[in-house]
Amino acid sequence: MSEKTLEQYLELPYAIEFKKDATDPDQPVWFAQVKELPGCVTEADSLDEAAVMIWDAMRVWIQGSLDANLPIPEPQPLPTYSGKFSVRLPKSLHRDLAAKARREGVSLNQFITSALSQAVGASNPSPQLRGADSSRYQTGQ
């Protein structure tokens, strides 16, 4: 039997993922899911609406598990990152990257950081969700 209440579970920093399905460009659909709670999903016409609706889905999922005396998974700790990684690449690519960085007047590190940021879409919008750590939310398309 759980020792936590529904409200205590809802305060935990669960990882919520948002995905946009733009199969029909005139009516995109946003899906939201809580990674740690299998089957805790919702869909909506907008990101903001999905952000609100996932809380309702979490409330129903957790209350149902409490009522049935089922175990409720808790959030996993966020991984930590050092900001460093090693990449092996062909000498010719290393040369070309260094030359491009020199032409742009920046360090190779700065050039690669900028290029990688652009590749992953550094401006990744996250909805404002109540009282939660925004690093636990992911959006994707």
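None of the figures in this text is laboratory data; all of them are computed from the coordinates on show. Everything quoted here is computed from the prediction, not taken from an experiment. Methodologically, a virtual Cβ is constructed for each residue, glycine included, from the backbone with ideal geometry; neighbour enumeration extends over all protein chains shown.
Taking θ as phi - 60° and the Karplus parameters 6.51, -1.76 and 1.60, the scalar couplings of the stretch 12-22 work out to 6, x, 5, 7, 10, 10, 10, 9, 9, 9, 9 Hz in sequence order, x denoting glycine and proline.
The 3J(HN,Hα) values that the Karplus relation (6.51, -1.76, 1.60; θ = phi - 60°) gives for the stretch 38-47 are, in residue order, x, x, 8, 9, 7, 9, 7, 7, 9, 4 Hz. Gly and Pro appear as x.
If R0 equals 41 Å, the separation of the Cβ atoms of Lys19 and Val106 corresponds to a calculated FRET efficiency of about 0.75.
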